[in-house]
1. With every protein chain left in place, what is the accessible area per residue of region 86-142 in square angstrom, probe 1.4 Å?
2. Order of 47-58, 119-130 by packing, highest average Cβ count within 10 Å first?
3. Determine, from the Cβ-Cβ distance of SER405 and MET317 and an R0 of 45 Å, the FRET efficiency 1/(1 + (r/R0)^6), rounded to the nearest 0.05.
4. LYS459: which aspartates and glutamates have alpha carbons under 14 Å from its alpha carbon, excluding same-chain residues fewer than 8 sequence positions away?
5. Send over the semi-axes of region 418-472's equivalent ellipsoid, whole angstrom and largest first, taken as the square roots of 5 times the C-alpha gyration tensor eigenvalues.
6. Identify all lysines with a Cα-Cα distance to LYS465 below 16 Å; exclude those on the same chain that are fewer than 8 residues away in sequence.
7. With each label point set 7 Å from Cα along the Cα-Cβ vector, what nm distance links ARG472 and LYS433?
8. Of SER403, THR437, LEU451, which is farthest along the charge dipole of region 370-469 in the positive direction, counting Lys and Arg as +1 and Asp and Glu as -1 at C-beta?
Amino acid sequence: NRRKKKGDDILENPAIPNPFPELCCSPFASVLSASLLPKATSRKKQVIKVYSEDDTSRALEVPSDITARDVCQLLILKNHYVDDHSWTLFEQLTHTGLGRAIEDHELVMEVQSNWVMEEETRLYFRKNYAKYEFFKNPLTFFPDHMISFPSETNAALSHSGILQMFLSSSTYPEIHGYLHAKEQGKKSWKKLYFLLRRSGLYFSTKGTSKEPRHLQFFCEFSNSDMYMSLTGKKISGAPTNYGFCFKPNKSGGSRDLKQLCADDEQSRTCWMTAIRLLKYGMQLYQNYMQPYQGRSGCSPLNITPMRSISENSLVAMDFSGHRSRIIENPTEALSVAVEEGLAWRRRGCLRLNSHGSPIAMSNMGTSIHRSQSWFHHKISREEAQRLILQHGLVDGVFLVRDSQSNPKTFVLSLSHGLKIKHFQIVPLEDDGKLFYTLDDGHTRFTDLIQLVEFYQLNKGVLPCKLKHYCARIAL
């Protein structure tokens, strides 16, 4: 009876109209057909392994259509790094001593599909400050003696116009010069006159003749990748340390490599930059202008670098009183800046030891710098040059290391003008205090940190300011 009474009460309640009748599904037909629902895109995922400079690695599960730029962006976000558009995915072939920076738009899975089982190949995540430097400073990358223009083009073309010709589909500058080529199947190298044209790379069989009957085809680039030699003369026996080569996609190994080497770094940089522009063209410029655009869609387009404050938006502030105020007088702002700089130097003369008490800098000058990212302990001159080369031969790339010839001194290794120069940092004792100097004592510093900070702001005796430091990042 209770159940019947309860059922009668329910029937007596007025029916509430459904505000969304179109969403009701009858037992006979579905209102929302499958064709109206968004199709679930099943993207295959694979696991890749990425290494850092200290040989630590991280495994990432990524979509099969992910680009190199997307992988870099993923690692930047996971490790909370500042994105200055210089992070690069690097492919390194260990046995042959070859490596290349993977272009931002390249698909990582396609790159890995070209790997052979016999070759130990790794992906590295590192900085490459020279990746798009030729767009900013083309004069350094294309010397006048290596480039010529079509006859109908004005010879006095500006260097910005040269880049426009590289990116154009109708005209293309000609790169020419001598290169050492390794003969196929032999250990010997032969110096030949090469020419780079839109149709490919050629060499002359008769001196510097450019006549078609004297030109022999050497290589084209659509089905091959260009690599830089990282070991110099050690593996390939090249006559110089400025080697590069072309490796066909899905080749059988080192026997299919077409190896070349230049006489200097400027020549190698010119050849490799021109070939990159020839192969990828406008795609490189799009990568440079739109660093966050990717195919796989995992790069946030609305993310801005963490340090995006312009110097023009900064103002001088005075915090000495009860309330802070803006210093509007330029003269007063300059005097305050000078006073703060002197106070910073006085505070810098004392540091805290492990127990928290201050000790003199002369007792700590040989150890305080070891925690800095730009300091590399006992590495050789060749290892320092290799690290700087991997970070890109841009003016201002540097590191500090121990001197191997004199254990009491240090060496500042610096990139300038596509060359790596080394400057000795000498300890100097005066009145019982220890200082460090780069200019025979004219400018003295209580430790290496002050020295680096000074030359980051002032050129001094160096050819350029210290701008980018080489660091062994960890993942």
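1. Details: 2020 Å² over 57 residues.
Solvent-accessible surface per residue comes out at 35 Å².
2. Highest to lowest by the protection proxy: 119-130, 47-58.
3. The calculated FRET efficiency here is 0.40.
4. ASP395, ASP439
5. Numbers: eigenvalues 95, 29, 22 Å².
They are 22, 12, 11 Å, listed from largest to smallest.
6. LYS419, LYS421
7. Taking the simple label geometry, ARG472 and LYS433 are separated by 3.4 nm.
8. With unit charges placed on the Cβ atoms, the residue in question is SER403.
The values are calculated or read from the model by the stated rules, or taken from the named source; none is laboratory data. Predicted model only: the values in this text are computed from it and were never measured. Glycine gets a Cβ as well: all are built from the backbone with ideal geometry, and neighbour counts include every protein chain shown. Accessible surface is based on the protein model in full, side chains and every heavy atom, while ligands, DNA and RNA are left aside. Shrake-Rupley method; radii C 1.70, N 1.55, O 1.52, S 1.80 Å.
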